[in-house]
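Comments concern the structure below.
The values are calculated or read from the model by the stated rules, or taken from the named source; none is laboratory data. Since this is a predicted model, take the numbers as computed values, not measurements. Here the Cβ positions follow ideal geometry from the backbone for every residue, glycine too, while neighbour counts run over all protein chains shown.
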Amino acid sequence: MILNRKKIILVAIVTFLSSPLIAWQLENADQITLAVMDFKNNTILSRYDQLERAIPEMLKTEISQFPEIVVVERNRIENILTEQALAQTGLIEKQKAQEVGRLVGAQFMITGELNKTGSTLRIDAHLIKVATGQVVGEKVSGQNEKSIEFMVKLLAKNLIHNLTGEGQRQESIRIHNYYTNWGLITMAALTVTSGILHFKYNDYYNKYHKTNEIDNFDIYYNKANQYYKSRNIMLAISGAAALTTFILWRKDQSEGNKIYATNHNSKIQQQFSMGFAMQQDNYLVILSLKF
């Protein structure tokens, strides 16, 4: 009787492990499955309608580069939404998003929206944990649609950090690097050169006034005049370099050159990691029973 019970338990375990769903989970136990919905244009500007689909596509491209995250294909999501009679608008109810996530086999869902306040454009993303409904809010803001690519890159970086805990979260990035340090170095070099030319000018000017040799008058005078002109030209160039460096520094520090990020409830990755580790432990227990 005891032997028969062991056989029954063993058959049950083997059947359980051989099912397609469990086999897929075991094979992809070290990966995170993510589904990204279309975002919603909450602005009154119709030209932003094209971004409802463009932003998620760019976001998926950025996130897909991280090997631990598997992004669900768009067609698979659209088929489920059609079956559930839901629109791809990015702002479906959390419960509906969870249901869609379960149906497409995703552990996490991303929904989002596009907003505009004054001259500031903002992307709001909502990272939903399908199993629990827990939501993490991530947002990035920039000056206009020309900043979209940089906004999406920063958003993707922070979402990956929330999902995996890898890397560091960034609060802001610069769109352009104007290399003001090189401008300062150039300005310093020009200033030193101007100083050397001024020293040479004074040296020959003093020699010109002190010499008693008639033959040397013209030599010292011409040398002093040459260094005098060179010094003035170099001072003019130094001034132009200083002005250019200041302008570049102002552009580098301007608000229009920065993308900002803020978030809420960023501890989701810790809870996910704990649950993920427990899930892997359960698989190890089942495998040990199998053998």
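Among what's in the range 125-163 and is in a helix (DSSP H, G or I) and β-branched (Val, Ile, Thr), pick the residue that is surrounded by the fewest Cβ atoms within 10 Å (Cβ to Cβ). The selected residue is 148.
The set of residues in the range 100-124 being closer than 18 Å to residue 159 by Cβ, among the basic types (Lys, Arg) and assigned to a helix (DSSP H, G or I) is empty. Residues that are hydrophobic (A, V, I, L, M, F, W, C), surrounded by fewer than 19 Cβ atoms within 10 Å (Cβ to Cβ), touching a strand residue (DSSP E or B) at 6+ places or on another chain (Cβ under 7 Å) and not in a helix (DSSP H, G or I) are absent from the range 53-69 altogether. Cβ separations smaller than 9 Å between residues 6+ apart or across chains give the following pairs from the range 243-257 residues that are farther than 21 Å from residue 173 by Cβ and touching a residue at least 12 places away in the same chain (Cβ under 8 Å) to residues that are in a helix (DSSP H, G or I) and of a type in the set (A, V, I, L, M): 244/187; 245/184; 245/187. Take residue 204 and tell me if it is among the hydroxyl-bearing types (Ser, Thr, Tyr), farther than 25 Å from residue 260 by Cβ, in contact with a Ser or Thr (Cβ under 7 Å, 6 or more places away or on another chain) and assigned to a helix (DSSP H, G or I). Judged against the criteria, residue 204 is not a match.
With the structure loaded, tell me whether residue 131 is under 24 Å from residue 46 (Cβ atoms) and either touching a residue at least 24 places away in the same chain (Cβ under 8 Å) or touching a Cys at 6+ places or on another chain (Cβ under 7 Å) (or both) or whether it fails that test. No. Filter the range 43-52 down to the residues that are acidic (Asp, Glu) and surrounded by fewer than 17 Cβ atoms within 10 Å (Cβ to Cβ) and list them by number. Once the filter is applied, which keeps residues that are acidic (Asp, Glu) and surrounded by fewer than 17 Cβ atoms within 10 Å (Cβ to Cβ), the range 43-52 yields only 49.
Among residues of the range 137-158 that are at pLDDT below 90, those with a beta-carbon under 6 Å from a residue that is surrounded by fewer than 24 Cβ atoms within 10 Å (Cβ to Cβ) and assigned to a helix (DSSP H, G or I) at least six positions away or on a different chain give the pairs 143/256. Quick one: would you say residue 113 is buried (at least 17 other Cβ atoms within 10 Å of the Cβ) and acidic (Asp, Glu)? The answer is yes for residue 113. Residues in the range 175-213 that are exposed (fewer than 14 other Cβ atoms within 10 Å of the Cβ) and under 30 Å from residue 67 (Cα atoms): 2 in all.
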